[in-house]
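S.K.: One structure, as structure tokens, below. Some questions next.
Please treat every number below as a calculation from the coordinates, not as lab data. No experiment lies behind these values; they were computed from the predicted model shown. Methodologically, a virtual Cβ is constructed for each residue, glycine included, from the backbone with ideal geometry; neighbour enumeration extends over all protein chains shown.
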Amino acid sequence: MPTYVYEIMLPDGTPGERFEIIQSMSDPTLTTHPTTGQPVRQVLTAPSIAGKWSDLGGKSMLSNQNLERKGFTKYVRSGDGTYEKQVGQGPNVISAD
């Protein structure tokens with residue numbers, strides 16, 4: 001079942017605290033907070049879909065092991081204007097000088 005985001009509507013009309021609730025898609029949209037009874041409105045948010053290009057998938061795609069397996073070379077800035085090789089072929093250090 002999907003997770004929906006709601007926010008409490010304060011007496012002056014401004015949005016208050018947000019909360020999440022798991023509801024069936026066929027359930028009606030909430031108009032009041034389930035425990036406090038305060039008026040709420042549903043907040044539209046981007047869906048969180050775990051897949052090949054999600055944050056989790058992106059981390060595994062850019063892992064040192066995967067980059068080396070695909071034939072890439074990865075350098076990481078060492079802070080003093082040089083880049084040190086992490087994986088792959090090529091020089092161990094690249095200098096900006």
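S.K.: Just grab the label-to-label distance for residue 69 and residue 43, each label 7 Å out from Cα along the Cβ direction, in nm (one decimal).
M.R.: Reported label-point gap for residue 69 and residue 43 is 3.8 nm.
S.K.: Now for a separate question. If we count chymotrypsin sites (Phe, Trp or Tyr not before Pro) as exposed when they sit in a DSSP loop and have at most 16 other beta carbons within 10 Å, what is the longest stretch of the chain that avoids them all?
M.R.: Longest site-free region, per DSSP loop and neighbour criteria: 1-52.
S.K.: Counting alpha carbon pairs within less than 8 Å and at least 6 residues apart, what relative contact order, in whole percent, applies to the chain? Intermediate values should be presented prior to the final figure.
M.R.: On the way: 131 pairs, mean separation 16.4, N = 97.
Worked out over the chain, it gives 17 percent.
S.K.: For the chain, just the Cα atoms, rotate onto the principal axes and tell me the three extents in Å, largest first.
M.R.: Answer, in whole Å and largest first: 64, 31, 17 Å.
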